[in-house]
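So the structure is just underneath, and the comments pick up after that.
The values are calculated or read from the model by the stated rules, or taken from the named source; none is laboratory data. Nothing here was measured: the structure is a model prediction, and the numbers come from that model. Cβ atoms come from the backbone with ideal geometry, glycine included; neighbour counts cover every protein chain shown. These area figures cover heavy atoms from the full protein model, side chains too; ligands, DNA and RNA do not enter into them. Shrake-Rupley method; radii C 1.70, N 1.55, O 1.52, S 1.80 Å.
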Amino acid sequence: MLHYTDHVRDRMKERNISQEEVETCVENPETTYPSDDDLDCKNYVHTFSNGRRIRVVVNEAKPGHKVVVTAMVQGD
């Protein structure tokens, strides 16, 4: 289960990213990699069939507890 910060909800609205897109990105990434500035965070990247590429940053400090920190559209 994903938990969403107020920050990510604001960014999702600002960037027109749906909760479904975030969940797809995290559940079905084409690539993942650790964040450079926070070892507890992981980046998930997924390209959708319409060509839109989304990156989602998730804090995974607690096992089994994923907090979505931010989400962005890449290539804009």
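Working value for the chain: equivalent-ellipsoid semi-axes of 18, 14, 11 Å, each the square root of 5 times a Cα gyration tensor eigenvalue, largest first. Across region 11-53, the fraction of Cα-Cα pairs farther apart than 17 Å, rounded to a whole number, is 38%.
Full extension of the segment from TYR4 to GLU20, taken as 0.36 nm per residue of separation minus the current Cα-Cα distance, would add 4.5 nm. Under the combined filter of DSSP loop state and at most 15 neighbouring Cβ atoms within 10 Å, region 1-75 retains these chymotrypsin sites (Phe, Trp or Tyr not before Pro): PHE48.
If you sort LEU39, LEU2 by accessible surface, 1.4 Å probe, largest first, the order is LEU39, LEU2.
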